[in-house]
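For reference, the structure is listed below as structure tokens.
The values are calculated or read from the model by the stated rules, or taken from the named source; none is laboratory data. In this text the structure is predicted, and so the values were computed from the model without any measurement. A quick note on method: Cβ atoms are made from the backbone with ideal geometry, for glycine too, and the neighbour counts reach across all protein chains shown. We work out accessible area using only protein heavy atoms, side chains counted, and drop any ligands, DNA or RNA first. Shrake-Rupley method; radii C 1.70, N 1.55, O 1.52, S 1.80 Å.
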Amino acid sequence: VEEGDTIQNLGTINITNDNNYWASILAGCNLNVDTLVLNFNITGHQWHFFGFPFQFKIADIATSGKFVIYEYDGQARAQKDTTGWKKLPASQEYLYPGHGYIFQFNFNGEGTFSIKLHKPNFCQLAEFINLLIYPATKPNNQSWNYVSNPLLAYYDINDLNYTGPITVWDPATSNYRSLRAGDDEYFLSPYEAFFLQNEKVSDDFALFFNKD
């Protein structure tokens, strides 16, 4: 992949990611790819916090192990004072860009999974993610959204149009970490899912990622 606005027509791009290093692609409408293969090296029997920039079928996840996927239900947390995690229904076929998910694989030690995307449309990488409102009697349960970096590149939280707390999962400590734009320096990695709270009282709010 070359820098600039020149139209590039490529066959297959393979990129490999693990918990320490995440490959980036800085591209827009100028990049045409026949096949994009995303490869992930991960540890089994641990939760991995992922999101993806493109829609794809769950059945297209290739791996030698078995896995489960959970999503976050902010409305359930607001109304029922629960953690909000729920297993994806068996009827769900797709994972969606900008959404956050957690995965766990049954590898004994290290393992891999991959996703093969045919003719991904880099023009349609999301720039806006709607943050929903979930009223709650307890303020700490209100309007939590679990989303993900919709781009294939690192993104500075200080460039977001959001100044509230951001919560990420830190694999090094196996615990959550709270951040705030303006106070902390942090770059969301590609495929990183994270929590934030819609601080609006009555209106939905769109989180903006500048692709330029």
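Applying the condition of being over 18 Å from the mean Cα position of the chain (by Cα) and open to solvent by 90 Å² or more (accessible area, probe 1.4 Å) to the stretch 141-172 and asking which residue is nearest to A27 (Cα to Cα) yields T163. Identification of strands (runs of 3 or more DSSP E) wholly contained in the stretch 151-212 with 1 or more residues that are touching a Lys or Arg at 6+ places or on another chain (Cβ under 9 Å) and of a type outside the set (D, E) yields 165-170.
Against the numbered list (1) in a strand (DSSP E or B); (2) touching a helix residue (DSSP H, G or I) at 6+ places or on another chain (Cβ under 8 Å); (3) β-branched (V, I, T), T83 comes up short only at (1). Considering the conditions (1) assigned to a strand (DSSP E or B); (2) open to solvent by less than 70 Å² (accessible area, probe 1.4 Å); (3) over 23 Å from F195 (Cβ atoms), A27 is excluded by exactly one of them, (1).
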